[in-house]
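What follows is a single structure, written as structure tokens, with notes after it.
The values are calculated or read from the model by the stated rules, or taken from the named source; none is laboratory data. Computed from a prediction, not measured in an experiment: that's the story for all the values here. Backbone-built Cβ (ideal geometry, glycine too); neighbour counts: all protein chains shown. Calculation scope for accessible area: heavy atoms of the full protein, side chains included, ligands and nucleic acids excluded. Shrake-Rupley method; radii C 1.70, N 1.55, O 1.52, S 1.80 Å.
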Amino acid sequence: MDRPVHFEIHATDPARAKTFYETVFGWTITQWGDEPYWSIRTGEGDQMAGIPSTQTGIDGGLLPREGAAPEAGQPMSAFVVTIGVASCDETIEKALAAGAGVVFPKAPVPRVGWIAYLTDPEGNRFGVLQPDGSVT
């Protein structure tokens, strides 16, 4: 079965996006040589933010956006990445303090956990998921 192996975040202000994702998720983001492209490392091996080792993540990239930033309320025209976190509440609080906006507040997903959708300061939508199989 084919699986996603890389994601990219497009940003009008890559430095602002870099700071946001390093602050909120603790990712390591480094520029790729002299190119206007930054490599994103989301974790070490299979162990990430208290997520079970059966749920491995992927790494990605950050690059300058081509064109205007998305406007609030517009339909999605890209995949939304959902990030596994140890605590939805703590992550949402940290993200809001770093300039995020809420698209869909924290809600239960039965037998899966807690999910919320936010936007980064660049207007990109992403999800956060706290695994918790006891949620009904």
*What share of the DSSP beta bridges in the chain is antiparallel, in percent to the nearest 5?*
70 percent
_Probe radius 1.4 Å, ligands and nucleic acids ignored: give me the carbon and sulfur share of the accessible area of the chain as a rounded percent._
53 percent
*Over region 91-132, what lengths in whole Å, largest first, do the semi-axes of the equivalent ellipsoid take, defined as the square roots of 5 times the eigenvalues of the alpha-carbon gyration tensor?*
20, 10, 7
*Specify the inter-centroid distance of region 110-128 and region 67-99, based on alpha-carbon positions, in whole Å.*
5 Å
*Got a sec to turn the phi values of region 59-65 into Karplus ³J(HN,Hα) couplings, 6.51 cos²θ - 1.76 cosθ + 1.60 with θ = phi - 60°, whole Hz, x for Gly and Pro?*
9, x, x, 10, 8, x, 6
*Spacing of the two label points (7 Å from each Cα toward its C-beta) at Trp32 and Asp2, in nm*: 2.0 nm
*Okay, helix-only estimate at 222 nm for the chain: each DSSP H run of n ≥ 4 adds -39500 (n - 2.57), divide by all residues, round to 500 deg cm²/dmol; what do you get?*
-5000 deg cm²/dmol
_Within region 103-136, backbone nitrogen closer than 14 Å to the virtual label 7 Å beyond the Cα of Thr19 toward Cβ_ = 121-122
*On a 0 to 90° scale, report how tilted helix 14-25 is relative to the longest principal axis of the chain, with both axes built from alpha carbons and the result rounded to the nearest 10.*
20 degrees
*In square nanometres and to one decimal, what's the mean projected area of the convex hull around the Cα atoms of the chain?*
9.0 nm²
*Please list the non-local residues whose amide H lies under 5 Å from the amide H of Tyr37, H modeled 1.01 Å from N, same-chain partners needing a gap of 5 or more.*
Trp32
_For the chain, take the longest principal axis of its alpha carbons; what is the angle in degrees between that and the long axis of helix 88-97, to the nearest 10 within 0 to 90?_
30 degrees
